[in-house]
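Below is one structure, written out as structure tokens; the observations come after it.
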Amino acid sequence: MLHSMTSEPEQQIGVGSPDAFQRLWTPHRMAYIQGENKPTGPNADDGCPFCSIPRKSDEDGLVIARGESVYAVLNLYPYNGGHLMVVPFRHVADYTELDEAETAELAAFTKQAMTALRTASGAHGFNIGMNQGTVAGAGIAAHLHQHLVPRWGGDANFMPVVAHTRVLPQLLADTRAMLADAWPAATKP
């Protein structure tokens, strides 16, 4: 809150020496750090969240759109507001395991997600990618998923680097509804 900010150092219990920095606390990230919602093994029935999400309602699963072979879903632990993923329904780990129809629909959903994010939030650019394998940074390596992270000129992209903090201006349920409304009509169920 700007009205309470001062340039004087403020003692904050548990954060070390007093300094002039304000702190943004993100306790919801502890669930991710501690491995909550992570599968217990590599199989679909080992608690894979990407296999269980499609069985939920769109609202409960944060699903934005469903296709024949893939679906778009908000990331539960986003890097930026609007961070979503395109995920095949089939439990496969590697991009080369997708068949032609899955590959084509994953590409089409990526384009549709970009359109929806631009329409809903005016995104200026995107980080798009897949981490293949745990060694490459995949949090859930057993089920392929492609990340789409919207970016804006002047966004808070320094926060993760400098402060290991994400700044999210909107609740996930509100973001899901906004993007579902902006999803191109041709792919709505």
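Read the figures in this text as sums done on the coordinates, not as results from a lab. Please read all numbers here as calculations on a predicted model, not as lab measurements. Every residue, glycine among them, receives a Cβ derived from its backbone with ideal geometry; neighbour counts consider all protein chains shown.
Descriptive notes on the structure:
- Per residue, the convex hull volume that the Cα atoms of the range 57-157 enclose (Å³): 103 Å³
- Relative packing of peptides 105-111, 68-74 - highest average C-beta neighbours within 10 Å first: 68-74, 105-111
- Taking amide H atoms as placed 1.01 Å from N in the peptide plane, the amide H of Ile64 lies under 5 Å from those of Ala72, Val73, Leu74, each 5 or more residues away in sequence or on another chain.
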